[in-house]
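The values are calculated or read from the model by the stated rules, or taken from the named source; none is laboratory data. Since we're looking at a predicted model, the values are computed, not measured. A quick note on method: Cβ atoms are made from the backbone with ideal geometry, for glycine too, and the neighbour counts reach across all protein chains shown. Each accessible area value is taken on the protein alone, full model and side chains, heavy atoms only, with ligands, DNA and RNA left out. Shrake-Rupley method; radii C 1.70, N 1.55, O 1.52, S 1.80 Å.
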Amino acid sequence: MEHWKTALRLALLSFVVLLEAQRRTHEQDGDGGDGGDGGWSRGSHLSVDDEGPCNVDVLDGSSLSLRHFLDSYAYSRPAVITGLTDNANLLREYGDRQVRLSTANTYSYRKADVSFRHYVDVLLGPQSPEVLGSDTLYMFGDNNVSEWRNLLDFYRPPPFLLPGTGRALSFGVAGPGTGVPFHWHGPGYSEVIYGRKRWFLYPPDEEPPFHPNASTLAWLRDVYPRLPPRQAPLQCTVRPGQVLYFPTRWWHATLNLDASVFISTFLG
């Protein structure tokens, strides 16, 4: 048991090295940086690196009880939970595996199969807000679970289950500026393993103003600044070691601020 865990840790560490090398390459080519204009900053006020405010409750998972979670959050509002899981060692070298990508729009109807190495080397560059969701290929879910079984078996999911539910895991890797526009489904968690992911959320009875084929980055540039205060979303940026919980049917959109690795736990 310890032998394969050690091997997996080494493999995942190489995965992080691969992503870091890709990020540095984009920076050296002028495609990234800390708020520079080589893809990280688009327009006079839009920066992909901007974490924005956080008006979602942030909870200490080490002292959070299941009863308090169920009574105060599970069915009514999202939360960011710190210290609930420990997956700091999780991540590498699946370069030759084939992965299935989905378009990053609300309905994700187009698919493409590429090698994971091609996805990292070619498709993880900073995203422009001019690119439509239907033209953005994004790795999340819809992959052969057996290809990633060792990684997912090593993952420690959030321990809190809703009564009568089980877990389904989905693994994703995405470049800066990518994400999915507003959509909804059943409840679940999303944990960032590497990078940062910004979330925007609305309750079920408040459908946000958005176009299903516009990227979240375009929505952030074109729609978000014009929202009146009463239409402003709940939002927060999730970092490694943090888990965001979203209740059922809550509208949510995501924006990856860096090359990001994340695992979602769907409850159903």
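Data for the structure
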| read-out | value |
| --- | --- |
| Hits in region 173-197 (condition: at pLDDT below 95, assigned to a loop (DSSP other than H, G, I, E, B) and of a type in the set (Gly, Ala, Ser)) | Gly175, Gly177, Gly179, Gly195 |
| Only one of Pro159, Pro229 that is free of Cβ contacts under 8 Å to residues at least 12 places away in the same chain and open to solvent by 40 Å² or more (accessible area, probe 1.4 Å) | Pro229 |
| Region 62-85: number of residues that are of a type in the set (Gly, Ala, Ser), under 19 Å from Thr165 (Cβ atoms) and out of contact with any Phe, Trp or Tyr (no Cβ under 8 Å at 6 or more places or on another chain) | 3 |
| Residue tally, condition among the acidic types (Asp, Glu) and either surrounded by 12 or more Cβ atoms within 10 Å (Cβ to Cβ) or modelled with pLDDT under 95 (or both), over region 61-95 | 2 |
| Strands (runs of 3 or more DSSP E) completely within region 215-266 that count 3 or more residues being under 24 Å from Asp153 (Cβ atoms) | 242-246 |
| Residue in region 198-207 that is crowded, with 17+ Cβ neighbours inside 10 Å, part of a loop (DSSP other than H, G, I, E, B) and over 14 Å from the mean Cα position of the chain (by Cα) present | no |
